[in-house]
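The values are calculated or read from the model by the stated rules, or taken from the named source; none is laboratory data. Keep in mind that what you see is a predicted model, and the values were worked out from it rather than measured. Please note: Cβ atoms are built from the backbone with ideal geometry, for glycine as well, and neighbour counts cover all protein chains shown. Note: accessible area is taken over every heavy atom of the protein model, side chains too, but ligands, DNA and RNA are not part of it. Shrake-Rupley method; radii C 1.70, N 1.55, O 1.52, S 1.80 Å.
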Amino acid sequence: MKLRKVTAASAVTLALAVSVTACGGGKKDDSSSGGGKKIAIGIKYDQPGIGQQTPQGYTGFDVDVATYVAKKLGYSAKQIEWKQSKSADRETMLQRGDVDFIAASYSITPERQKKVDFAGPYLLAHQDVLIRADDSTIKSPSDLNKKKLCSVAGSTSAQNVHDKLAPKAQLQQYPTYSACLTGLQSKAIDALTTDDSILAGYAAQPQFKGKFKLGAFKMTNENYGIGVKKGSDLKAKINKALEEMVSDGSWKTAVEKNFGPANYKNEPAPKIGDIKS
């Protein structure tokens, strides 16, 4: 009798263990399934308006897009594990499976498409310049000739302007965009160049309100996509989520929330697969 009681108790314990295991005790399900315990998403940590880590959490347009997509995949905001995705690390992070997807001002290019797949695009940005609000001398890219043009070390943005549009521009390399902004504010430099969405994010910060303006030059097309591992079926699911974000008005709300204070004249939401060259 005693033996039977122990055996019965063991059976109950075993059944409970099986039940808990079936409910999911791992960190996350396979990236293609959704609804798992956690989903890892790569974002930028240092781009105000795009993706920024703050004491209160994570903010920015890419963060809002990624949170919306994750919800459509079956994950709540609390189930998201944010990971810093530096530009040089993005393809490797996807290939290794460090993240399920990346939304980090990630322009879709033929070279990158050889290594990873992209959902989207979800934003069409352009290379532009940020200048002081009271500067009336820079009205076109050619006006950057003989001007001090800043970009961050390792970026090709300023070099592109120098090579193609303003060969007499005086290139200045600073370690960060924040340093460029400080130089712009003090008149040590005349203009800062990178994607207009990034520039708008910086200009929209409360401490810079009314101090800077975008040139609206649209010097290149930057098609922001969401990167996934090559061959992942997440691509189709994310594309569907992005379409829903546009149709229900959430995309427009996110744009106005993150870029509105800089008077950013954004392009309409791009159609999925429509990549502007």
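The residue pairs whose first member lies in segment 30-56 and is outside any strand (DSSP E or B), whose second member is open to solvent by 40 Å² or more (accessible area, probe 1.4 Å) and modelled with pLDDT under 95, and whose beta carbons are closer than 6 Å, counting only pairs six or more residues apart or on different chains, are Gly36/Lys28; Gly36/Asp29; Lys37/Gly24; Lys37/Lys28; Lys38/Lys27; Lys38/Lys28.
Against the numbered list (1) free of Cβ contacts under 8 Å to residues at least 60 places away in the same chain; (2) closer than 26 Å to Ile226 by Cα; (3) open to solvent by less than 40 Å² (accessible area, probe 1.4 Å), Ser178 comes up short only at (3). In the set (1) touching a strand residue (DSSP E or B) at 6+ places or on another chain (Cβ under 6 Å); (2) closer than 21 Å to Ala104 by Cβ, the condition left unmet by Ala269 is number (1).
Condition first: touching a strand residue (DSSP E or B) at 6+ places or on another chain (Cβ under 6 Å) and either in a loop (DSSP other than H, G, I, E, B) or open to solvent by 20 Å² or more (accessible area, probe 1.4 Å) (or both). Now tell me which residues in segment 80-92 satisfy that. Within segment 80-92, Glu81, Trp82, Lys83, Ser85, Glu91 qualify. With respect to the conditions (1) closer than 12 Å to Phe61 by Cβ; (2) open to solvent by 70 Å² or more (accessible area, probe 1.4 Å); (3) in contact with a Pro (Cβ under 8 Å, 6 or more places away or on another chain), Glu256 falls short on a single one, namely (3).
Considering (1) open to solvent by less than 50 Å² (accessible area, probe 1.4 Å); (2) assigned to a loop (DSSP other than H, G, I, E, B), the lone condition that Asp134 does not fulfil carries the number (1). Arg96 meets the stated requirement of being without any contact (Cβ under 8 Å) to a residue 12 or more places away in the chain, of a type in the set (Lys, Arg) and open to solvent by 40 Å² or more (accessible area, probe 1.4 Å).
On the stretch given as segment 146-171, residues that are small (Gly, Ala, Ser) and open to solvent by 20 Å² or more (accessible area, probe 1.4 Å) total 3.
Tell me whether segment 61-76 contains one or more residues that are in a strand (DSSP E or B) and either surrounded by 14 or more Cβ atoms within 10 Å (Cβ to Cβ) or at pLDDT 95 or above (or both).
Keep residues of segment 61-76 that are in a strand (DSSP E or B), which gives none.
Checked against the condition, which is being in a strand (DSSP E or B) and either surrounded by 14 or more Cβ atoms within 10 Å (Cβ to Cβ) or at pLDDT 95 or above (or both), segment 61-76 yields no hits at all.
What are the residues in segment 207-218 that are in contact (Cβ under 8 Å) with a residue 40 or more places away in the chain and either in contact with a Lys or Arg (Cβ under 6 Å, 6 or more places away or on another chain) or at negative phi (or both), if any?
Kept after step one, since they are in contact (Cβ under 8 Å) with a residue 40 or more places away in the chain, are these residues of segment 207-218: 209-218.
Passing the criteria: Lys209, Lys211, Phe212, Lys213, Leu214, Gly215, Phe217.
For segment 124-157, how many residues meet the condition of being of a type in the set (A, V, I, L, M) and closer than 19 Å to Asn223 by Cα?
Start the filter on segment 124-157 by keeping residues that are of a type in the set (A, V, I, L, M), which leaves 124-125, 129-131, 133, 138, 144, 149, 152-153.
So of that shortlist, the ones also closer than 19 Å to Asn223 by Cα come out as 124-125, 129.
Residues in segment 124-157 being of a type in the set (A, V, I, L, M) and closer than 19 Å to Asn223 by Cα: 3 in total.
Quickly run through segment 251-277 and pick out the residues that are in a loop (DSSP other than H, G, I, E, B) and within 18 Å of Ile238 (Cβ to Cβ). Talk me through it step by step, then tell me what you get.
Here is the first cut: in segment 251-277, the ones in a loop (DSSP other than H, G, I, E, B) are 263-277.
If the condition is that a residue be in a loop (DSSP other than H, G, I, E, B) and within 18 Å of Ile238 (Cβ to Cβ), then Ala269, Pro270, Lys271, Ile272, Gly273, Asp274, Ile275 are the ones that fit.
Among the listed residues Lys237, Lys265, which satisfies the condition of being touching a residue at least 60 places away in the same chain (Cβ under 8 Å) and among the basic types (Lys, Arg)? Of the residues listed, the single one that is touching a residue at least 60 places away in the same chain (Cβ under 8 Å) and among the basic types (Lys, Arg) is Lys237.
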